[in-house]
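Notes for the one structure printed next.
The values are calculated or read from the model by the stated rules, or taken from the named source; none is laboratory data. Here the structure is a predicted model, which means the values were calculated and not measured. Every residue, glycine as well, gets a Cβ built from its backbone with ideal geometry; the counts of neighbours run over all protein chains shown. The area values use the complete protein model at the heavy-atom level, side chains included, leaving out ligands, DNA and RNA. Shrake-Rupley method; radii C 1.70, N 1.55, O 1.52, S 1.80 Å.
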Amino acid sequence: MGVYPFTLAATSLTYPHRDLIHNLMQLPPIFDGVEIMLEYPLTLPLEKEQRQAVERLVRERALSVTVHLPLSLQLASTNPWFRDASLRTLDEAF
């Protein structure tokens, strides 16, 4: 933890028109953490090289990470097709 008794975090979509890696690289050093937003087509699908770059940046900057799952998921839907599609989406995302 940094100077404050809490974690100061920023979203990975600070600049929505930029990609995930660029946004992480732009975080000022005051931030202790990042909320990684996962959503089609802005950050998903996340390729292996992107995952490795995220891991490297998080490690180098000692950032805590919170993952925000795709907003379009409907894990609690009463429609079984929506639920199944949502679970498949999570499986593919990770």
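Looking at L24, L73 in this structure, which one is at pLDDT 80 or above, open to solvent by less than 50 Å² (accessible area, probe 1.4 Å) and in a loop (DSSP other than H, G, I, E, B)?
Values: L24 fails: in a loop (DSSP other than H, G, I, E, B).
None of the other options fit; the residue is L73.
Residues being touching a helix residue (DSSP H, G or I) at 6+ places or on another chain (Cβ under 9 Å) and touching a residue at least 24 places away in the same chain (Cβ under 8 Å): count how many of those fall in region 68-94.
Residues in region 68-94 being touching a helix residue (DSSP H, G or I) at 6+ places or on another chain (Cβ under 9 Å) and touching a residue at least 24 places away in the same chain (Cβ under 8 Å): 3 in total.
Give me the residue from region 44-70 that is among the acidic types (D, E) and part of a helix (DSSP H, G or I) and, out of that set, nearest to S12 (Cα to Cα).
Looking at residues that are among the acidic types (D, E) and part of a helix (DSSP H, G or I), I get E55.
Condition first: at pLDDT 85 or above and open to solvent by less than 70 Å² (accessible area, probe 1.4 Å). Now tell me which residues in region 27-49 satisfy that. Talk me through it step by step, then tell me what you get.
Filtering region 27-49 down to residues at pLDDT 85 or above leaves 27-35, 48-49.
The answer is L27, P28, F31, D32, G33, V34, E35.
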